[in-house]
Amino acid sequence: MSSWSVDELIYWDERICETAAGMGLDWFDIDYEIIDYQEMLGAMAYTGLPTHYRHWSFGKEYERTHTLYNLGMTGLPYEMIINSNPSIAYLMTENPLSTHILTMAHCVGHSDFFRQNRMFHYTSPDDIISKFKAAAKYVRELIEDPSIGIDEVEKILDAAHSIKYQVPRTPGITYKSRDEWTLIQKRMMQLDPTYHVDLEKTPFRPEYNLLQFISEHSRNLKDWQRNLITIVEDNSKYFIPQALTKVMNEGWACTIHQRIINEMEIPDEYHLAFLKLHNQVVRPHLGKINPYHLGFELFQKIIKEEGFEEAKLIREVHNDMTFLRNYIDEEFVREQNLFTYSFKKPHKYHTIDEIGDQYGWKSVRDELIKNVGLSRVPVVYVDDLSKDFTLTLIHEHDGRDLELKYAQRVFEYIQQLWGDKIKMVTEIENEVWEF
Amino acid sequence: MSIFREHKSRVDRAASDRSRHKKKIEKAIKESIRDVVAEESIIGQNGKKKIRIPIRGIKEYRFIYGNNEINKNVGAAGQHSIRRGQKIGKKRAAGAQGQGAGEAGNQPGEEYYDVEISLEELAEYLFNDLELPDLEKKKFRFISQESIKRKGYRFKGIRPRLSKKETIKRKIRRKKKAIASGTYDPSSGERFPFHKDDLKYHHIKPKHKEHSSAVVFFLMDTSGSMTKERKYLARSFFFLLYQFLRYKYEKIEVVFISHSTEAQRVNEDDFFRKGAVGGTLVSSALDMALDIIDKEYHPSSWNLYTVYCGDGENWSADNSTAVKRFTQLKESNQLTVYCEINENLSATYDDSGIVDTAGSGTGPFDWANASAWKDEDTGALWGALAPCADKNFKRVVVAQPAHIWPAFNLIFGTENQ
């Protein structure tokens, strides 16, 4: 059926690993699962994780990908790798050897990024698979428990999923504990009699981890419900670093696969296929941002100007936000022909707002930063928990208004989890809006 | 050094989540149906037309930013030259994309998760739990379809009909016997091949499917009092009914009768579109239906259904005649329905379906004595029909589009029979 053998894969893997090691990369060992198209769809639906808890949304995702693929609207990804030690990656049986070579080189790039980038330092890749496995088992047991059952489990998961991105976005930062904070505040109040804070306030600083806060402070949840919320929260925390580095991660992997292939001197028959695939991956998407393209081009620019060693340093310390802010300049915006656009309500169509010239490039860059990864997700934090268990949530308005219909639904979900009164405040068209 | 693992057997991990998702869609479709059945776009369509059903609850809601002037998007223009203020169409952007055209599922405006189903499928969702009351097989049977059915096994047959299961069963049986009798030693490693006598074939038999025939009389009041809104409700109700009957019957005929003071047998178009003028004589339409039944559709050969839709504002002098005719219809019909359309009735159908149709009067709202009308007299038809009401004669009220489905359920729902 396939035109290649596992021995060939092993041969190429060895060469790829040698080349990558020669470039000073340091990645996790990779376990490649050779799977067919159906299994690839399955793997994609569960974000590549071999063990994941059950939820209908993954079935929906499967159907969506399946439909798009059948309609020819999307190609299956030729690469899929997860952040674990060893990294688990998938190779699709139907693909030709040239694709596999590229995929493996690409995976080395990702695995190196997972291991080196500081955003990932707290994802505990060594035991993540067993963690997910335990969570999946727990959820399955709840579903099978006759006193709970799938409907009750879904109620909690549906609601928790609606705020799954409402977790802290600064991995690696440890905050002061309540005791430490209290000590500091007391000291400050002693030094300055005019300074006053309420030491009893909960939370004592804006709490960005909605899931954790709700599971800890709600007085209406059963233990298994709290555990479910924690499972969703753990899940989110694991994926946050990936969402924070989508552009960098893909850009780096593309940079690495290109360098490895070029250094390996591969036969012409593969080379052409490789070029075709590579260009397909890193081409710009008209009217959209292709993270592969953006990341790849920016890394190319950095390597050209500052060398590969500098690029390696950058892949360690940056995330998308800082990466784009630091390295995008006027020339880059112009060359990539980036622009901002928005929907004009009175006309009912989109028009271009700013383009990459000397007046507009900064605005384009800033909007771009707002539009990658987690910057697309509004920030909502817990401001206050009052004595009567009223929860006050505030949307951190950064100039962009919420989509109210969606927000209203999410508000209802939070209410369902919390079980007591909730106040939620945002700003719509420059006016305060309370749900 | 990496490890390569080939999967020997395929595992369909997503199977259970997919079926769960499917169940959710089906449930959501059933829930959205109240809105869908009253929608203009599906009414009057044939079975091939695809209907978009908006589904709530399947969507995964998150906090997202709205699509407006404050919230800017960023795109790459590739080789195209661009300028400020340039209009960019969604179509062009989508057409030029190729890969990754699947919109990030969180686009605002995508309020509903739509499912496209054909009217036939819709009928399946709608009518699966419903039954035609008192369905009889009448004398005339229409052999409308021949299907082929497997029936038993034979030793002779053509290759494609080979039954592998039966064949292997016979081989195993033979092998066991051979071992027991000592003619074959399984530990010898010798093959135990199939024998020609093991082969068994499916036997097939053509089967005639028999179907009962049905005729349904659509009677509608087109008098001056039937406003556009009332006609719309009547039309929606008839449309649903028509779909339902067509779903249940292979062969179905519909007779359209519209009436004001005089009844007229009309075609479908005229039935729904003709202008409304004149007074109301309900009995005129009933007379005509009885006459047509007598001449064309003998009750011994046909399942008969008569559905009357009107606003109930009959001439009071005609009420007793109308009741008499209704009673006559009831005798020959499987089911007779009197559907009163009147938006002045603030009828509340809750999930338990609180309408007094069988004359039991147990509902929380006393329909039989309801007098929401200004003129007590004109409402009398509803009350006058109360004694007729039983499982073969049902009365329902439709005051707004949302009532259509509950009313329909009340008539055909199995729990109400």
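Looking only at the stretch A:1-20, filter to residues that are assigned to a loop (DSSP other than H, G, I, E, B) and over 17 Å from residue A:33 (Cα atoms); which one of those is nearest to the other protein chains (Cβ to nearest Cβ)? Even if it seems obvious, please write down each step before you answer.
From the stretch A:1-20, those assigned to a loop (DSSP other than H, G, I, E, B) are A:1-5; that's our starting set.
Checking which are over 17 Å from residue A:33 (Cα atoms) leaves us with A:1, A:3.
On the way: A:1: 12, A:3: 15 Å.
Checked the stretch A:1-20; the qualifying residue nearest to the other protein chains (Cβ to nearest Cβ) is A:1.
Report the residue count in the stretch A:152-175 for those that are assigned to a loop (DSSP other than H, G, I, E, B), within 12 Å of another protein chain (Cβ to nearest Cβ) and of a type in the set (Val, Ile, Thr). Full working, then the answer.
First pass over the stretch A:152-175, keeping only residues assigned to a loop (DSSP other than H, G, I, E, B): A:163-175.
Right, trim to within 12 Å of another protein chain (Cβ to nearest Cβ) and you get A:163-166.
Checking which are of a type in the set (Val, Ile, Thr) leaves us with A:163.
Residues in the stretch A:152-175 being assigned to a loop (DSSP other than H, G, I, E, B), within 12 Å of another protein chain (Cβ to nearest Cβ) and of a type in the set (Val, Ile, Thr): 1 in total.
Please name all residue pairs, on different chains or six or more residues apart, with Cβ atoms under 8 Å, provided the first residue is in the stretch A:335-352 and is assigned to a strand (DSSP E or B) and the second residue is surrounded by 19 or more Cβ atoms within 10 Å (Cβ to Cβ) and acidic (Asp, Glu).
Hits for this filter: A:339/A:353; A:339/A:354; A:340/A:353; A:340/A:354; A:340/A:367; A:341/A:353; A:342/A:353.
Does the stretch A:380-389 contain at least one residue that is crowded, with 17+ Cβ neighbours inside 10 Å and within 26 Å of residue A:249 (Cα to Cα)?
The answer is no, given that none of the residues of the stretch A:380-389 is crowded, with 17+ Cβ neighbours inside 10 Å and within 26 Å of residue A:249 (Cα to Cα).
Residue A:311 - would you say it is among the small types (Gly, Ala, Ser), in contact with a Phe, Trp or Tyr (Cβ under 7 Å, 6 or more places away or on another chain) and either at pLDDT 90 or above or in a helix (DSSP H, G or I) (or both)?
yes
Restricting to the stretch A:289-314, give me the number of residues that are buried (at least 17 other Cβ atoms within 10 Å of the Cβ) and touching a Gly at 6+ places or on another chain (Cβ under 9 Å). Break it down into steps so the answer makes sense when it comes.
Step one: filter the stretch A:289-314 for residues buried (at least 17 other Cβ atoms within 10 Å of the Cβ), giving A:289-299, A:301-303, A:311-312, A:314.
Going one step further and asking which of them are touching a Gly at 6+ places or on another chain (Cβ under 9 Å), we end up with A:289-299, A:312.
The qualifying residues number 12.
In the stretch B:244-323, which strands (runs of 3 or more DSSP E) lie fully inside it and hold 1 or more residues that are among the basic types (Lys, Arg)? Before the answer, list the steps.
Working: elements: B:251-259, B:263-266, B:303-310.
Answer list for the stretch B:244-323: B:251-259, B:263-266.
Is it true that some residue in the stretch A:267-282 is assigned by TED's automatic domain parsing to the domain that holds residue A:83 and in a loop (DSSP other than H, G, I, E, B)? Spell out how you get there, then give the answer.
Step one: filter the stretch A:267-282 for residues assigned by TED's automatic domain parsing to the domain that holds residue A:83, giving A:267-282.
Filter once more, keeping what is in a loop (DSSP other than H, G, I, E, B): A:267, A:282.
Yes, some residue in the stretch A:267-282 is assigned by TED's automatic domain parsing to the domain that holds residue A:83 and in a loop (DSSP other than H, G, I, E, B).
Within the stretch B:41-60, is even one residue within 16 Å of the chain's Cα centre (by Cα), within 14 Å of chain A (Cβ to nearest Cβ) and either modelled with pLDDT under 75 or within 21 Å of residue B:240 (Cβ to Cβ) (or both)? Write out each step before concluding.
Here is the first cut: in the stretch B:41-60, the ones within 16 Å of the chain's Cα centre (by Cα) are B:41-53.
Next, from what is left, pick out any that are within 14 Å of chain A (Cβ to nearest Cβ): none.
Taking every residue of the stretch B:41-60 in turn, none turns out to be within 16 Å of the chain's Cα centre (by Cα), within 14 Å of chain A (Cβ to nearest Cβ) and either modelled with pLDDT under 75 or within 21 Å of residue B:240 (Cβ to Cβ) (or both).
Give the residue, chosen from A:156, A:184, that is assigned by TED's automatic domain parsing to the domain that holds residue A:225 and loosely packed, with under 14 Cβ neighbours inside 10 Å.
Working: A:156 fails: loosely packed, with under 14 Cβ neighbours inside 10 Å.
Matching residue, one of A:156, A:184: A:184.
Scan (1) under 15 Å from residue A:238 (Cβ atoms); (2) in contact (Cβ under 8 Å) with a residue 60 or more places away in the chain; (3) part of a loop (DSSP other than H, G, I, E, B) for the single condition residue A:94 breaks and write down its number.
(1)
When the stretch A:282-314 is examined, which residues are found to be within 13 Å of chain B (Cβ to nearest Cβ) and among the charged types (D, E, K, R)?
A:283, A:288, A:297
Let me confirm something: among B:284, B:260, which residue is in contact with a His (Cβ under 9 Å, 6 or more places away or on another chain) and without any contact (Cβ under 8 Å) to a residue 40 or more places away in the chain?
Numbers: B:260 fails: in contact with a His (Cβ under 9 Å, 6 or more places away or on another chain).
Matching residue, one of B:284, B:260: B:284.
Mind telling me which of the residues A:364, A:410, A:380 ends up being touching an Asp or Glu at 6+ places or on another chain (Cβ under 9 Å), facing chain B (nearest Cβ under 9 Å) and touching a residue at least 60 places away in the same chain (Cβ under 8 Å)?
Details: A:364 fails: touching a residue at least 60 places away in the same chain (Cβ under 8 Å); A:410 fails: touching an Asp or Glu at 6+ places or on another chain (Cβ under 9 Å).
That would be A:380, the only listed residue that is touching an Asp or Glu at 6+ places or on another chain (Cβ under 9 Å), facing chain B (nearest Cβ under 9 Å) and touching a residue at least 60 places away in the same chain (Cβ under 8 Å).
Hey, among B:20, B:10, which residue is at the interface with another protein chain (Cβ under 7 Å from one of its Cβ atoms) and either at pLDDT 75 or above or outside any loop (DSSP other than H, G, I, E, B) (or both)?
Values: B:10 fails: either at pLDDT 75 or above or outside any loop (DSSP other than H, G, I, E, B) (or both).
Of B:20, B:10, the one residue that is at the interface with another protein chain (Cβ under 7 Å from one of its Cβ atoms) and either at pLDDT 75 or above or outside any loop (DSSP other than H, G, I, E, B) (or both) is B:20.
If residue A:431 satisfies all but one of (1) more than 10 Å from chain B (Cβ to nearest Cβ); (2) more than 21 Å from residue A:169 (Cβ to Cβ); (3) surrounded by 14 or more Cβ atoms within 10 Å (Cβ to Cβ); (4) modelled with pLDDT under 90, what's the number of the condition it fails?
Result: residue A:431 passes all but (3).
Look through the stretch A:315-334, keep the residues that are touching a residue at least 60 places away in the same chain (Cβ under 8 Å) and not in a loop (DSSP other than H, G, I, E, B), and return whichever of them is nearest to the other protein chains (Cβ to nearest Cβ).
Initially, the stretch A:315-334 is screened for residues touching a residue at least 60 places away in the same chain (Cβ under 8 Å), giving A:315-321, A:323-324.
Remaining after also requiring not in a loop (DSSP other than H, G, I, E, B): A:315-317, A:320-321, A:323-324.
Details: A:315: 21, A:316: 23, A:317: 24, A:320: 13, A:321: 14, A:323: 15, A:324: 11 Å.
Among those residues, the one meeting the criterion is A:324.
Condition check ((1) at pLDDT 85 or above; (2) surrounded by 11 or more Cβ atoms within 10 Å (Cβ to Cβ)) across all residues:
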residue	(1), (2)
B:143	no, no
B:146	no, no
B:162	yes, yes
B:166	yes, yes
B:176	no, yes
B:180	no, no
B:184	no, yes
B:189	no, no
B:196	no, no
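Can you work out which of the residues in the stretch A:41-76 that are among the aliphatic types (A, V, I, L, M) and closer than 22 Å to residue A:285 by Cβ is modelled with the lowest pLDDT? Walk me through it before giving the result.
So in the stretch A:41-76, the residues among the aliphatic types (A, V, I, L, M) come out as A:41, A:43-45, A:49, A:68, A:71, A:73, A:76.
Retained after the next criterion (residues that are closer than 22 Å to residue A:285 by Cβ): A:44, A:68, A:71, A:73, A:76.
Details: A:44: 86, A:68: 68, A:71: 60, A:73: 54, A:76: 58.
The selected residue is A:73.
I need the full set of residues from the stretch A:95-124 which are out of contact with any Pro (no Cβ under 7 Å at 6 or more places or on another chain), crowded, with 19+ Cβ neighbours inside 10 Å and among the hydrophobic types (A, V, I, L, M, F, W, C), in order please.
Correct list: A:101, A:102, A:104, A:105, A:107, A:108, A:113.
The values are calculated or read from the model by the stated rules, or taken from the named source; none is laboratory data. Model, not experiment: these values are computed from the prediction. Don't worry about glycine lacking a Cβ; one is built from the backbone with ideal geometry, like all the others, and counts go over all protein chains shown.
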